[in-house]
1. Within the bounds of segment 833-845, is there any residue that is in contact (Cβ under 8 Å) with a residue 60 or more places away in the chain, at negative phi, surrounded by 14 or more Cβ atoms within 10 Å (Cβ to Cβ) and in contact with a strand residue (DSSP E or B) (Cβ under 6 Å, 6 or more places away or on another chain)?
2. Can you tell me which of (1) assigned to a loop (DSSP other than H, G, I, E, B); (2) out of contact with any helix residue (DSSP H, G or I) (no Cβ under 7 Å at 6 or more places or on another chain); (3) crowded, with 23+ Cβ neighbours inside 10 Å is the one Asp82 doesn't meet?
3. What are the residues in segment 315-347 that are surrounded by fewer than 17 Cβ atoms within 10 Å (Cβ to Cβ) and either hydrophobic (A, V, I, L, M, F, W, C) or under 22 Å from the mean Cα position of the chain (by Cα) (or both), if any?
4. Would you be able to say whether some residue in segment 531-549 is within 30 Å of Lys482 (Cβ to Cβ), of a type in the set (Gly, Ala, Ser) and in a loop (DSSP other than H, G, I, E, B)?
5. Gly464 versus (1) surrounded by fewer than 16 Cβ atoms within 10 Å (Cβ to Cβ); (2) modelled with pLDDT of 90 or more: which is the lone unmet condition?
6. Within segment 93-124, track down each residue that is outside any helix (DSSP H, G or I) and either at positive phi or among the small types (Gly, Ala, Ser) (or both).
7. Looking only at segment 85-98, count how many residues are over 25 Å from the mean Cα position of the chain (by Cα) and of a type in the set (Ser, Thr, Tyr).
8. Among the numbered criteria (1) of a type in the set (S, T, N, Q); (2) under 47 Å from the mean Cα position of the chain (by Cα); (3) open to solvent by less than 10 Å² (accessible area, probe 1.4 Å), which single criterion is violated by Ser827?
Amino acid sequence: MTSKEIRQTFLDFFASKGHTIVPSAPMVVKNDPTLMFTNAGMNQFKDIFLGNTTPKTKRATDSQKCLRVSGKHNDLEEVGHDSYHHTMFEMLGNWSFGDYFKVEAINWAWELLTEVFKIDKERLYATVFEGDAEDGTSMDEEAKKTWLKHLPEDRILLGNHHDNFWEMGDTGPCGPCSEIHVDLRSDKERAELPGRELVNKSNPLVIEIWNLVFMQFNRKADGSLEPLPNKNIDTGMGFERLCMVLQGKQSNYDTDVFTGIIGKIEELSGHEYHKNDKTDIAMRVIADHIRAISFSIADGQLPSNVKAGYVIRRILRRAVRFGYTFLGFNEPFLCKLVSQVAEDMGDAYPEIIKQQRLIESVIKEEEVAFLRTLDRGIKMIDDYMKGNAGSKVIAGKDAFVLYDTYGFPIDLTELIATENGYTVDLEEFNSELKKQKERARNATSNEFGDWTIYGRGEQEQFLGYDYTELEGVNLLKQRTVKSKNKVMYQLVFDRTPFYAEMGGEVGDTGYILSEGGEKIAILNTIKENNLTIHLAEKIPADCTQVFTLHVDEGRRLKITNNHSATHLLDHALREIVGTHVEQKGSYVGPDYFRFDFSHFAKLTDEQLRQVENSVNQQIRANYPLEENRSATMDEAKAMGAIALFGEKYGDRVRVVKFGNSIELCGGCHVKATGQIGLFKILSESAIAAGVRRIEAVTGETAENYVQGLEDSLRLAKSLFNNVPDLEAAIRKTLDENTEYKKELEEAARQKTAELADELINNAKEINGVSVIKFEISLDPTMVRNASFILQKKLHNSVLAGAYRFDGKPCLILVYSDDMVAAGHNASKDIREAAKFIMGGGGGQPAIATAGGKNAEGLQEAMEKLIELATTK
């Protein structure tokens, strides 16, 4: 079976068992502060497991794009070195939400693997949770009893808490799990050593392919377990590993999931796969990483220096580095592999085809930048080695600067060092790395208390499209959060007018009012696992009473103006720049908004003017808000609604229409476009290859901006005596200024030459050296320019200067070329002299400067300079 057939067979099997096939969620996670990337198939169902959302179907199945490169699940450093670890992978899964449980999950898994996929039953093993006295849990008898119908007892293994108890995080739904392992070794090897001895022992041919998780507990903040009201099934099977088993291979990279990409790498590099360990590892790294990079960009995550963007940049640079070091790629090559990824995976994930050009452009720009960094890093390592020639050790702190500031991998630093007979102080490097991780952990660490429940079973409702104030609201639950030693409280109500930060739109602020008159400020509203969470600095004295919720209406009005303007801007860009324009992100706040979109060239001034005019025309048209809050995706598509890549849409979507602008959107909007008032573009710039950014303002902020421009214009006119043609007056002034500047530069050159001649005339011989010294107050720039002239003219001479400028002591030291050749070093010598003025300096062996704090030491500093210059 091909990989495409394997994926479809899995989905069809569970569809036949009453499961709804759901699309993969984006790989880049939004609205869950605990995750940057989807790292398991269950992530998109997390709010169901937490009890925050009622499932629309009791049974579901899918193939989910996953990424494991950060946090608890981090496989990055193993990727390429073995046959089965990946950054991006697909996870085949089936779920039950309070429906079937262990018996059905195990029986169907066995049926699919042995009867549909025809895997040899004698090669299969199952693990079962052995229990944990500390948690008060016993052995999973039900799972073992079910497995005994399919496997002999010696192929049912007991596993500890680490291997056979699955937890979502430190708190939340969890439960025992049962893993299915397969032994792919030869019959001879299996006869010599039973597979049971190698399960969970990191043997590349005795591997886990499926994990059946039985979610039946909730882990509380104090570490204790309580039974869940509904028992759920969550399974995950590695698609790439399954393909390896079914295609009779001994490496995931030998399946048709990867052979196309590896073939392309062979073609581009001239190296053959399966010929050399180092080049094989490099090819596996690149084949894996190009998929992760491509799908991340398709899901809206551009490489950057922060959070998820930094992770993607790190993966990309790791791939470039392996290609550079082992395959001889000195020019961009990853971008040339995207077409193969699209060919291999475009059927299942059409977004990769739709965005191929953008993905290629972003990757190419990143490659070019990092190849420059590699060159710079290699030069820095050369400098470090020259500076440590005696010890032959590169300091760990230097290696960490390369790693942290320039993104230069430590193993590449080690490789270059080894090739030159040096080592790297890894102990010091790891110490610096540990400090950095500790700083990052402290900056982001949060401690969550348990939820205190007041309204169990009730569902919250967002009513903010129609209201900014709601009476008679009940508090469902609250919990305490400690962040950076600051205590905050999270509140969840049964109904709320507060919009939670989502889709680029910031969260609402305002306050809540209790029946007793207690007023508590709401500082922000966020979305987490489908809950609208209100952040407050304190909790009500009585959480069981009824509340009135007030949104800051003025702030909300500014936000809705800006959000609706993003829709009008999107429409204008498509109309004027081209239909290829696609939104790539946004920020919508009360003061301004930014809108990121795909386009491969800077917008001209004329295009920006046309776009701005188009948006203002749509505003003046006063288009009313037309919305369908519960459309099916088919209905939305029929209306021509624009959907965003990287967003996960439910069965029902909200369609927002202003005139000809039609988009899927869950945010807050104006009742009619006229409310926006005025739209002004502040800037247009590039944020990545193929991605542009427009920043703009609306309403009162736009009026203030225009008035500010008018004030500036009025001031400029007054400075030019209110001339009728301000532009001509400015041009004339600039032209005159250019002429004056030329005259001044010529005068400065003449004065500098005169200074140089004057200094030479004052030279005195000391110990056979022609010494020129000066101690008069001069402009340091003029002194330095004169020194360059002198340096070219001097022979067996030194210029030493100790003078004041703006009251601060300054030093300069210049050696002629023959003095430098004889061993004198101005940079080294001036540092010695600078001690007398309580300062420091440096430069080149021929010319160096210094500054300090103690002008009283200038005379001693001069004496030291002369001493060093005239001592052989």
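The values are calculated or read from the model by the stated rules, or taken from the named source; none is laboratory data. What you see is a predicted model; the values in this text were computed from it and never measured. We place every Cβ from the backbone using ideal geometry, glycine too, and count neighbours over all the protein chains shown. Ligands, DNA and RNA are stripped out before the accessible areas are found, and what is left, the full protein with its side chains, is counted by its heavy atoms. Shrake-Rupley method; radii C 1.70, N 1.55, O 1.52, S 1.80 Å.
1. no
2. Looking at each condition in turn, Asp82 falls short on (3).
3. Within segment 315-347, no residue meets the criteria.
4. Checking segment 531-549: at least one residue is within 30 Å of Lys482 (Cβ to Cβ), of a type in the set (Gly, Ala, Ser) and in a loop (DSSP other than H, G, I, E, B).
5. Among (1) surrounded by fewer than 16 Cβ atoms within 10 Å (Cβ to Cβ); (2) modelled with pLDDT of 90 or more, the lone unmet condition for Gly464 is (1).
6. Selection gives Gly93, Ser96, Gly98, Lys118.
7. 1
8. So Ser827 meets the others, but not (3).
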